[in-house]
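Okay, here's the structure, questions in a sec.
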Amino acid sequence: MSTVPFDPKDETFVANPYPVFAELRARGEVHWHPTLGMAIAVSHGACSAVLRNRRLGRIWTDARPLERFTHFNLLHRNSLLENEPPTHTRLRRLVSSAFGRGHVERMRPWVEQLAHKLVTDLVERIDAEGRADLLEHVAGPLPVQVIAELLGVPESDRGLLQPWSNAIVKMYEYGLDEARQDAAERASAEFVAYMRELVEQRRRTPGDDLISDLVAVTDTDGARLTEDELVATGVLLLMAGHEATVNLVGNGVLALLRNPDQWRRLLDDRSLLDTAVEELIRYDSPLQLFERTATADVEIAGYRIREGEKIAALLGAAAHDPAVFAEPERLDVGRFPNPHLGFGAGIHYCLGAPLARIEAQAALGALVERLPGLKLADEPVRRPEFVIRGLRTLPVTA
């Protein structure tokens with residue numbers, strides 16, 4: 001394209017990027033984006049190829065200057081998400097082994113109980129004031145409480161986690177101002193210090209939590225996670241687990257309230273909860289963009305990416321590709337099959353996807369049971385960021 005495909009800071013675009021994505025798909029599967037400084041894939045086929053092609057990897061480049069972003073870089077340099085084989089293979093095997101000890105399924109009843117408690121609090125607030133913010137009372141606290149329980153974070157410390165996560169993930173946006181960059185580094189430093197202390201406590205006194213298992217797990221050759229890898233893994237689980245689920249629930253409930261026929265389908269048939277969650281991930285993806293770097297020259301949908309160059313999969317664009325999804329602009333809580341890419345694909349497929357699904361199903365189930373008359377009380381306020389798509393407020397009533 002001869003012009004910039006879109007401005008990721010434009011409020012009109014951020015409010016609804018899907019018409020722009022449709023126009024881009026009509027022109028081609030891959031485009032150059034001069035502002036982002038990389039190619040962007042917009043079809044489902046091209047995005048899937050970007051995520052799966054082994055010539056395209058997650059190659060971490062430290063934020064600079066190095067002395068300014070010491071802790072932010074430490075977290076990402078040692079992260080499962082930001083490494084390729086053989087480091088990725090070792091990290092994923094160790095982390096998967098710890099996850100595989102039944103933590104996720106063990107937590108399902110607890111997550112459902114928590115979701116009902118949070119929705120009960122929301123009902124009480126609506127009864128008292130006529131309206132309440134679903135983000136504040138349900139979508140926000142649910143994933144923070146769940147991941148904190150999974151990691152074994154004491155109740156008294158759980159209020160620290162969400163502000164740290166919110167500050168750090170701002171660094172994933174483009175053109176971030178210096179004040180928020182500094183806030184991301186401060187949050188990273190505080191989070192690193194906290195996780196080091198938590199890891200040391202678990203070394204001395206193991207518990208029935210994921211951090212204890214991550215400390216104890218060994219590879220086939222006896223290797224363990226280093227302390228920096230333990231810290232990075234804990235922070236990754238919190239950030240990915242929190243940001244994905246809070247925006248999945250927030251974006252999803254908004255979509256249902258703007259499509260009341262689909263909300264009524266859920267009220268009438270709760271067996272649709274599973275397919276509804278998949279459709280909400282597809283319909284308004286919490287993560288819109290995922291980068292890869294070419295480790296060798298490669299072609300994606302006829303577009304040549306040279307070694308060292310970047311390409312991004314626009315997951316929201318892939319999710320609305322009519323070549324894969326019939327009537328993609330229509331919300332359909334019974335849609336099946338639903339091959340969305342919301343949790344990624346290939347070796348970097350989201351390790352926490354099963355937990356995110358349990359959380360979203362629990363939240364929707366509790367809302368359907370306790371608030372069948374749920375509706376918008378006012379227009380929600382959207383976050384201004386493009387990459388991580390979500391709301392600031394979601395005022396509801398019943």
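The values are calculated or read from the model by the stated rules, or taken from the named source; none is laboratory data. Keep in mind that this is a model prediction, so the values were computed, not measured. Heads up, the Cβs are rebuilt from the backbone with ideal geometry, glycines too, and the neighbour counts pull from every protein chain shown. Calculation scope for accessible area: heavy atoms of the full protein, side chains included, ligands and nucleic acids excluded. Shrake-Rupley method; radii C 1.70, N 1.55, O 1.52, S 1.80 Å.
Add -39500 (n - 2.57) for each DSSP H run of 4 or more in the chain, then divide by its residues: what number comes out at 222 nm, to the nearest 500 deg cm²/dmol?
-16000 deg cm²/dmol
What do you get for Rg/Rh of the chain when both radii come from the Cα atoms and Rh is the Kirkwood radius?
Values: Rg = 20.8 Å, Rh = 21.8 Å.
Reported Rg/Rh, Kirkwood definition of Rh: 0.95.
Given just the C-alpha atoms of region 134-183, how large is their convex hull per residue in cubic angstrom?
97
For region 296-398, taking Cα atoms only, what is the radius of gyration to one decimal and the Dmax to the nearest whole Å?
18.1, 55
Let me ask you something else. With the contact rule set at Cα under 8 Å and sequence spacing of 6 or more, what percent relative contact order holds for region 106-191?
Numbers: 49 pairs, mean separation 17.1, N = 86.
Taking the mean separation of contacting Cα pairs over the length of region 106-191, I get 20 percent.
Related question: Please label the shape of region 7-65 as rounded, prolate or oblate, based on the square roots a ≥ b ≥ c of the eigenvalues of the alpha-carbon gyration tensor (a/c under 1.5 means rounded; beyond that, a/b larger than b/c means prolate, else oblate). Could you put the intermediate results ahead of the total?
Values: a/c = 2.34, a/b = 1.19, b/c = 1.96.
Taking the square roots of the gyration eigenvalues as a ≥ b ≥ c, region 7-65 is oblate.
Also, quick follow-up: What are the residues whose amide H is under 5 Å from the amide H of Arg382, where those residues sit 5 or more places off or on another chain and H is modelled from the backbone?
Arg392
Also: Given 10 Å bins starting at zero, what is the percent of C-alpha pairs of region 131-261 in each, up to the one with the largest pair distance?
For region 131-261, the binned pair fractions read 11, 36, 31, 16, 5, 1 percent.
Could you tell me the calculated FRET efficiency between Asp10 and Glu124, based on Cβ-Cβ distance and R0 = 35 angstrom, to the nearest 0.05?
Taking R0 as 35 Å, the efficiency between Asp10 and Glu124 is 0.35.
May I ask for the Rg/Rh ratio of region 244-352, computed from Cα atoms with Rh as the Kirkwood radius, given to two decimals?
On the way: Rg = 16.1 Å, Rh = 15.3 Å.
In region 244-352, Rg relative to Rh is 1.05.
Express the relative contact order of region 62-169 as a whole percentage, based on alpha carbon pairs under 8 Å and six or more residues apart in sequence.
Working: 39 pairs, mean separation 17.5, N = 108.
After rounding, I find 16 percent.
Measure off, as a whole percent, the carbon and sulfur share of the 1.4 Å-probe accessible area of the chain, all protein chains present.
Summing carbon and sulfur atoms, their accessible area is 51 percent of the total for the chain.
At a threshold of 8 angstrom on Cα-Cα distance, excluding pairs fewer than six apart, so keeping six or more, what relative contact order does the chain reach in percent?
Details: 642 pairs, mean separation 105.8, N = 398.
It rounds to 27 percent for the chain.
How much accessible area does Glu23 have with a 1.4 Å probe, in Å² rounded to the nearest 10?
Probe radius 1.4 Å; accessible area of Glu23 about 90 Å².
Please compute one quarter of the surface area of the Cα convex hull for region 37-105 and express it in square nanometres.
Computing the convex hull of the Cα atoms and averaging its projections yields 7.1 nm².
How large is the Rg to Rh ratio of region 105-191 when both quantities use alpha carbon positions and Rh follows Kirkwood?
Numbers: Rg = 15.8 Å, Rh = 14.8 Å.
So for region 105-191, dividing Rg by the Kirkwood Rh gives 1.07.
With charges only on Cβ, +1 for K and R and -1 for D and E, what is the dipole size of region 213-306 about its Cα centre, in debye, rounded to 20?
The calculated dipole for region 213-306 is roughly 480 debye.
Considering only protein heavy atoms, what per residue accessible area in square angstrom results for region 11-164 with a 1.4 angstrom probe?
Heavy-atom SASA per residue in region 11-164 reads 45 Å².
How large are Rg and Dmax for region 289-348 when calculated on the C-alpha trace, in angstrom?
For region 289-348, the Cα radius of gyration and maximum Cα-Cα distance read 14.2, 42 Å.
Additional query: Taking every alpha carbon pair in region 223-264, what does the distance histogram look like in 5 angstrom bins from 0, in percent?
That works out to 5, 21, 14, 14, 10, 10, 8, 7, 6, 5, 1, in percent per bin.
Once you wrap a convex hull around the alpha carbon atoms of region 231-305, what is its projected area averaged over all directions, in nm²? Kindly include the intermediate steps, with their values, before the conclusion.
Details: hull surface 31.5 nm².
Computed as one quarter of the Cα hull surface, the answer is 7.9 nm².
Right, something else. How large is ³J(HN,Hα), in whole Hz, for each residue of region 315-330 in order, when computed from phi with the Karplus curve 6.51 cos²θ - 1.76 cosθ + 1.60 and θ = phi - 60°, using x for Gly and Pro?
Here the 3J(HN,Hα) series is 5, x, 5, 4, 6, 10, 7, x, 6, 10, 10, 5, 6, x, 7, 9 Hz.
For a Förster distance of 22 Å, can you work out the FRET efficiency between the beta-carbons of Glu23 and Glu379, rounded to the nearest 0.05?
Given R0 = 22 Å and the Cβ-Cβ separation, E is 0.30.
Oh, and also: With θ taken as phi - 60° and the coefficients 6.51, -1.76 and 1.60, list the Karplus ³J(HN,Hα) couplings across region 92-102 in order, rounded to whole Hz; mark glycine and proline as x.
5, 4, 5, 5, 4, 4, 5, 4, x, 8, x
How large is the charge dipole for region 159-235, taken about the Cα centre, if only the Cβ atoms of Lys, Arg (+1) and Asp, Glu (-1) carry charge, to the nearest 20 debye?
Computed charge dipole of region 159-235: roughly 200 debye.
Could you give log10 I(q)/I(0) at q = 0.29, 0.31, 0.33 Å⁻¹ for region 72-113, computed by the Debye formula over C-alpha point scatterers of equal weight, without solvent?
Each listed q maps to, in turn, -0.90, -0.96, -1.02.
Using every Cα-Cα pair within region 1-154, state what percent have a distance larger than 20 Å.
72
Still on this structure: Against the 2.2 N^0.38 Å scaling, with N counting residues, where does region 33-73 land? I'd like the Cα-based Rg ratio to two decimal places.
1.59
Another question, then. Where the convex hull is taken over the Cα atoms of region 268-321, what is its projected area averaged over directions, in nm²?
Here the figure is 4.9 nm², rounded to one decimal.
If you don't mind, there's one more thing I want to ask. Let me see the P(r) profile for region 178-246: every Cα-Cα distance counted, bins of 10 Å, each bin given as a percent of all pairs.
18, 44, 28, 8, 1
Also: Tell me which residues come under 5 Å, amide H to amide H, from Leu287 once H is placed; ignore anything under 5 positions away on its chain.
Arg389
Along region 272-288, what does the Karplus equation 6.51 cos²θ - 1.76 cosθ + 1.60 (θ = phi - 60°) give for ³J(HN,Hα), rounded to whole Hz, x for Gly and Pro?
Running phi through 6.51 cos²θ - 1.76 cosθ + 1.60 with θ = phi - 60° gives 7, 4, 5, 5, 5, 4, 4, 5, 5, 4, 5, 5, 9, 4, x, 10, 9 Hz.
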